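The values are calculated or read from the model by the stated rules, or taken from the named source; none is laboratory data. These numbers come from a predicted model, not from an experiment. With ideal geometry, Cβ positions are generated from the backbone for all residues, glycine too; neighbour counts draw on all protein chains shown.
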Amino acid sequence: MDNFTYPTDYSHRDIVCFAEHGWNFTSDRPQHLLKRFAKGFRVFYIESPVFHANSDRYDITLTEDQVIVVTPNLQGDSTQSDATTRWRELLIRLFNEERIDSYIFWYYSVQALKVSTHFTPDLVIYDCMDRPTETEEMRENERELLDFADVVFTSGQRVFEATRKLHENTHLFPNSIDKDHFATARTFKYDPPDQASIGRPRFGYFGEIDQRIDFDLLVTVSKKRPQWHFILVGAVVNVSSSQLPNYRNFHYLGAKRYEELPQYIGGWNIAMIPFAHNEYTRFINPTKTAEYLAAGKPVISSPITDVIRPYGISGLVSIAGTANEFIKVAEELLSAEEETKSNWMYKVDHYLAGQSWDKTWGEMMGLIATLLSKKALQGPKHLQEAWMQTESLLVEERHVEH
């Protein structure tokens, strides 16, 4: 990656990413990809607004990977009628003050469309990790984003199959893996302090602890096998802590930094993806699947389509949809002979050998270059400067009025 030479026409182009989550919320597909794009572009990572601020403003933070994180701060709350207008005004100020003139729009948040459709980007990318199902408004926002986008990237087979019916220029770029980082779990020596006293066998999960988790399954398993311990590493999101199972063999260790994860995984016997079948998991392609495997841990997963294909059918991940199936598979994995483990590990390493975020990023770069070349032949951007100047004058007039 470090030796990649960007075409000269990229040197003055920026990427403006509209994010679903804060940069530091997790380390997932957006972070892995955008820090690589930051090697050759200015990358602005626009977070969702923070409300109840003392004044309307945006804060800028530069990450160690040279990604420019922009946090909009707005007075009042999201229900105020002018919240969208003031968010959009902050965006206009950002573009003027940072001299963002030639740029690519990159969307993870469908809700950000309402503040960005009047801009004229060189290219519009929708990197679709999931299909919004929460509200009709979000579904309508996605339909509008699909109309606005020049190209759609998808993170898994299931979401690709659904999205290509809605946009003719849809491409599959599956989630990938930082193998070297997670492989350090294989040389596990010492537990982190908050995990050291937990008994064995250990079944571990890292990621958001939210509506996706099948707690009914885990509770049933824990009651049938009370000597087994379930470790959940991650922030509790969109569910109340009072809703979490409160048993002696459940251990909630909280959110950890990306750098710390291999230390925790290294101390587990089995990694798990205990997702329920609901609207939140219908299109999911868990990044953690390959990360668990790179860490050298056997994996038990619910029957999620993008885990079954390819990991389940390749014999890399064990699939269990019920508590009894989970117990059966777990006992087989815990009692497996060394030769069986060694053969499985060989298959894992062979499969992961061709995967990396660098490879995914490089393939995306090739497609983006092609699309920009095609659009360049269609003529220059129209009326961008005039529109930006008009909007800037309107912003100034509003401030004068207030």
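Only one residue in Ala38, Ala53 is in contact with a Leu (Cβ under 9 Å, 6 or more places away or on another chain) and in the same structural domain as Phe105 (by TED's automatic domain parsing), so which one is that? Just one listed residue meets the conditions, Ala53. Pro286 fulfils the conditions (1) farther than 30 Å from Arg164 by Cβ; (2) surrounded by 20 or more Cβ atoms within 10 Å (Cβ to Cβ) except for a single criterion, (1).
The sole residue among Leu172, Leu90, Leu145 that is surrounded by fewer than 18 Cβ atoms within 10 Å (Cβ to Cβ), farther than 15 Å from Ile15 by Cβ and hydrophobic (A, V, I, L, M, F, W, C) is Leu172.
Entry remark, the range 76-115: residues being free of Cβ contacts under 8 Å to residues at least 12 places away in the same chain and among the hydroxyl-bearing types (Ser, Thr, Tyr) number 3 in total.
With outside any loop (DSSP other than H, G, I, E, B) and either in the same structural domain as Lys374 (by TED's automatic domain parsing) or surrounded by 20 or more Cβ atoms within 10 Å (Cβ to Cβ) (or both) as the only criterion, which of Arg158, Arg186 stands out?
Answer to the check: Arg158.
Summed over the range 228-269, the residues that are more than 18 Å from the chain's Cα centre (by Cα) and at positive phi give a count of 1. Residues of the range 87-108 that are within 15 Å of Ala19 (Cβ to Cβ) and in a strand (DSSP E or B): Ile104, Phe105, Trp106, Tyr107. Determine whether the range 379-391 contains at least one residue that is in contact with a helix residue (DSSP H, G or I) (Cβ under 8 Å, 6 or more places away or on another chain), in a helix (DSSP H, G or I) and at pLDDT below 95. Checking the range 379-391: at least one residue is in contact with a helix residue (DSSP H, G or I) (Cβ under 8 Å, 6 or more places away or on another chain), in a helix (DSSP H, G or I) and at pLDDT below 95. Got at least one residue in the range 262-277 being of a type in the set (Phe, Trp, Tyr) and assigned to a strand (DSSP E or B)? Yes, there is a match, as at least one residue in the range 262-277 is of a type in the set (Phe, Trp, Tyr) and assigned to a strand (DSSP E or B). Evaluating Gly354 against the criteria (1) part of a loop (DSSP other than H, G, I, E, B); (2) surrounded by 13 or more Cβ atoms within 10 Å (Cβ to Cβ) leaves one unmet condition, (2). One residue stands out in the range 1-49 among those that are outside any loop (DSSP other than H, G, I, E, B) and modelled with pLDDT under 95: the one that is surrounded by the fewest Cβ atoms within 10 Å (Cβ to Cβ), namely Thr8. In the condition set (1) assigned to a helix (DSSP H, G or I); (2) not assigned by TED's automatic domain parsing to the domain that holds Glu332, Tyr126 is compliant with all but (1). I need every pair where a residue in the range 198-222 that is under 14 Å from Leu253 (Cα atoms) has its Cβ under 9 Å from the Cβ of a residue that is in a strand (DSSP E or B) and hydroxyl-bearing (Ser, Thr, Tyr), sequence separation at least 6 or different chains. From the range 198-222, the pairs are Ile209/Tyr252.
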